[in-house]
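The values are calculated or read from the model by the stated rules, or taken from the named source; none is laboratory data. Just so you know, these numbers come straight off a predicted model, no measurement behind them. Here the Cβ positions follow ideal geometry from the backbone for every residue, glycine too, while neighbour counts run over all protein chains shown. For accessibility, only protein heavy atoms count, side chains too; no ligands or nucleic acids. Shrake-Rupley method; radii C 1.70, N 1.55, O 1.52, S 1.80 Å.
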Amino acid sequence: MAKIGETPYIWKDGAFIPWKDANVHVLSHSVQFGSAVFEGIRCYATPKGPAIFRLREHLRRMLNSCKIYRMPVPYSIDELVEANRELVRKNGIEACYLRPMVIRGYGAAGMVPFDSPIEVYLPCWPWGAYLGADALEKGVDACVASWNRVAPNTIPAIAKIAGNYLSGQLIKMEALQNGFDEAIALGPDGMVSEGSGQNVFVVDGGVLYTPPIDGTLLPGITRSSVLAIAEDLGLKHVVQPLAREVLYTCDELFVCGTASEITPVRSVDRLPVGDGKVGPVTRALQTRFLDIVNGRAEDTHGWLTFVR
Ligand code: PMP
């Protein structure tokens, strides 16, 4: 499993501090109650230098997560864009993973958070393929999780906040314990929701399908990028609820997210997806995606923020 690799600096509330000084008290509200909003963003090494993928969209989602949880952030998206660019420059790194965090610090005695200060941290570190070096090429083996995702109007799934990841941890640990690489979870209604840290797409009869933003899943930035690329490639794409058994009968299946990028799924619950090999639609979407993010294809959507 991937361990964090240190970089020299972390941005904290407007200043750069040494990596080892970015500590919080054990009684910080976020540690006790899971109230740490965060993002996961990739920066790619392109021929024109490091480029951060869809930085603004990630920061917008972060500020929206904070809004839901009534966490006022004293920085604009523009300020946070510049801070993240400077972070990558200052750490002298080409490709990395960025993990902006807005936490509630030390102060509040109980669950009511308002006596804890809002603190903003911007770390980054090197990170390779999340599901292993072979995953992008050959695909992964998945199962359907026995744990369902959260129900709408319980804990907001649109917010990317630490507490939500208790669900993902249960889903992922179960998959690994049972010898799978990844798991796909169902929503409380038994329909396909999402992976432990990825959105899900299926291809059936040449049409691309993904579940709607139904209050059980995170609206992934990669998901929206896949839909945009499908449009560019003239591929028919439909957002609609998907029954579990579609995972067994579809021609192609993949999961997507910042860490996982576009990862083919070659089996579900030990049943091969299609013929068990990576399908042509998945490969076409993946190739196009990787070409754009790595600066090999024209960035027609303006998704890259160059660091230098
Ligand atoms: N769902 C969950 C639960 C996630 O953690 C992630 C990763 N952030 C995704 C979906 C995919 O989102 P994105 O493409 O924005 O990384």
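Each of residue 20 and residue 173 was given a label point 7 Å from its Cα along the Cα-to-Cβ line. The distance between the two points is 3.1 nm.
Which entries of 20/172; 67/172; 138/236; 90/172 show an alpha-carbon separation above 32 angstrom in the structure shown? Over 32 Å Cα-Cα: 90/172. Between residue 214 and residue 64, the contour length at 0.36 nm per residue exceeds the Cα-Cα span by 52.3 nm.
How many Å² of accessible area per residue for segment 76-174, probe 1.4 Å?
46 Å²
Using the alpha-carbon positions of segment 1-110, Rg (one decimal) and Dmax (whole number) come out as 14.6, 50 Å.
With R₀ set to 30 Å, the beta-carbon distance separating residue 249 from residue 12 gives a calculated FRET efficiency near 0.05.
Evaluating kT/(6 pi eta Rh) at 20 °C and 1.002 mPa s, with the Kirkwood radius of segment 126-235 over Cα pairs in the Stokes-Einstein relation, gives 144 µm² s⁻¹.
Remark: the chain projects, on average over all directions, an area of 15.3 nm² (convex hull of Cα atoms).
Put 111, 191, 173 in order of accessible area, highest first, and with a 1.4 Å probe you get 111, 173, 191. Suppose the chain between residue 79 and residue 284 were pulled fully straight at 0.36 nm per residue; how much longer would it get relative to their current alpha carbon spacing? Stretched fully, the residue 79-residue 284 segment lengthens by 70.2 nm.
The calculated P(r) of segment 62-125, using every Cα pair and 5 Å bins from 0, goes 4, 15, 24, 21, 16, 11, 7, 3, 0 in percent.
Among the protein heavy atoms, those of residue 181 account for about 60 Å² of accessible surface (1.4 Å probe, every chain in place).
Under the Kirkwood approximation for Rh and a Cα-based Rg, what ratio Rg/Rh is obtained for segment 186-308?
Looking at segment 186-308, the ratio lands at 0.97.
Taking Cα atoms only, the orientation of helix 77-90 departs from the longest principal axis of the chain by about 90 degrees.
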